[in-house]
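This report concerns only the one structure given below.
The values are calculated or read from the model by the stated rules, or taken from the named source; none is laboratory data. Since this is a predicted model, take the numbers as computed values, not measurements. When we count neighbours, we look across all protein chains shown, and the Cβ atoms used for this are built from the backbone with ideal geometry, even at glycine.
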């Protein structure tokens with residue numbers, strides 16, 4: 001049974017515990033039993049070891065807590081001995097929180113249940129802070145312990161993005177954090193798409209470039225277009241352009257950087273180009289090799305001479321389709337998708353390490369678009385993978401699909417929404433759309449066409 005003496009006693013104070021009378025001796029800082037048995041020492045607190053070493057007047061059995069070390073010592077009459085090292089571990093890493101959330105445009109709330117436990121079993125205190133951007137009118141946040149509810153606006157004018165840092169502490173150790181970004185965008189909907197009457201001509205000369213796909217850096221100030229070589233034109237290369245104002249094809253806003261990188265040594269018929277988030281990794285896919293190839297860039301998003309090197313890493317998708325005309329990666333690079341033009345099917349792959357083809361494997365998951373169109377070309381997704389967009393060569397249309405689980409082809413359904421690129425961008429003439437990309441909030445869409453060697457800009461906001 002534990003014996004609990006009164007706090008802050010004075011010399012001579014007495015107390016009765018367990019049927020025995022004890023008297024406090026301020027000199028030895030101990031309670032002595034009236035029977036004359038050995039005294040029960042109080043614990044003296046010292047800030048550091050230097051203070052403990054300098055202490056005098058100890059008796060055998062005296063205890064000391066050194067706060068700087070969280071260690072408890074006992075004096076034997078001749079020396080101090082370590083009794084225990086006190087520990088209080090931080091709460092476990094927070095789970096149940098995704099890195100990115102796309103908020104519902106109809107005002108439906110997103111509920112996040114954050115999970116963490118304390119190794120010692122102490123109660124946890126949860127909090128949150130907006131650490132990037134501003135809530136403004138975009139959304140409101142409410143909290144009930146570890147459950148956070150983010151309720152977005154349903155007004156297009158309130159579109160925006162922000163980040164929230166979720167924190168948990170046991171009151172003794174530092175806080176454990178998890179960060180999520182939130183986007184409220186009224187884009188990413190082909191039902192709202194309209195041509196901006198803006199385009200950029202990739203090649204103003206007479207020779208065709210056979211443009212296949214495009215990519216942007218994060219703010220849209222750099223654009224990259226991959227072309228597929230032929231016997232008369234095309235270079236099997238990635239070409240770099242600058243945009244003074246990001247994600248805009250306005251007249252005079254786009255210029256060629258006179259920088260390109262040839263992928264011909266790896267792929268003679270490239271059809272897709274993708275980058276990781278900071279542009280230090282580039283991926284090229286094509287039907288010449290039926291594979292995806294991985295490259296490193298010393299300086300992100302730059303085709304400057306000597307800046308791009310082949311990683312000698314590739315992944316073959318020939319077992320699924322030998323006539324692939326498009327590919328893309330998920331936002332975090334852990335999922336990869338290939339379009340099979342022969343099979344009219346989209347195939348799904350996983351990368352154990354994001355943006356690392358050496359860790360890629362086929363998921364044995366696919367989705368047929370044959371009910372909508374044939375000969376698919378490139379495809380893309382919205383930021384959380386709950387919307388998918390596929391170009392059909394034959395129909396010259398873009399088809400829109402929904403995914404119940406982001407970037408999971410086993411949960412796809414057709415939205416019965418499509419866009420006629422030929423009619424919207426070129427007054428009914430053939431354009432042969434090949435590549436598709438959106439800006440970060442999905443309010444602008446860009447289509448690259450092989451026949452015209454042009455990039456067309458659309459507005460997709462509500």
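General observations
- Close pairs from the range 353-382: first assigned by TED's automatic domain parsing to the domain that holds residue 226, partner surrounded by 14 or more Cβ atoms within 10 Å (Cβ to Cβ) and part of a helix (DSSP H, G or I), Cβ under 6 Å, at least 6 apart: 353/359; 365/409; 367/409
- Within the range 439-457, residues that are under 23 Å from residue 384 (Cβ atoms) sit with their Cβ atoms under 7 Å from residues that are part of a loop (DSSP other than H, G, I, E, B) and at pLDDT 95 or above, at 6+ positions apart or across chains, in these pairs: 439/220; 439/247; 444/247.
- Within the range 1-33, if we keep just the residues that are in a loop (DSSP other than H, G, I, E, B) and closer than 21 Å to residue 82 by Cα, the residue that is modelled with the lowest pLDDT turns out to be 28.
- Residue in the range 312-324 that is assigned by TED's automatic domain parsing to the domain that holds residue 354, crowded, with 24+ Cβ neighbours inside 10 Å, in contact (Cβ under 8 Å) with a residue 40 or more places away in the chain and not in a loop (DSSP other than H, G, I, E, B) present: yes
- Only listed residue being modelled with pLDDT under 85 and farther than 21 Å from residue 15 by Cα, chosen from 57, 36: 57
- Residues satisfying the stated conditions in the range 166-197, i.e. closer than 16 Å to residue 122 by Cα and touching a strand residue (DSSP E or B) at 6+ places or on another chain (Cβ under 6 Å): 167, 168, 169, 175, 176
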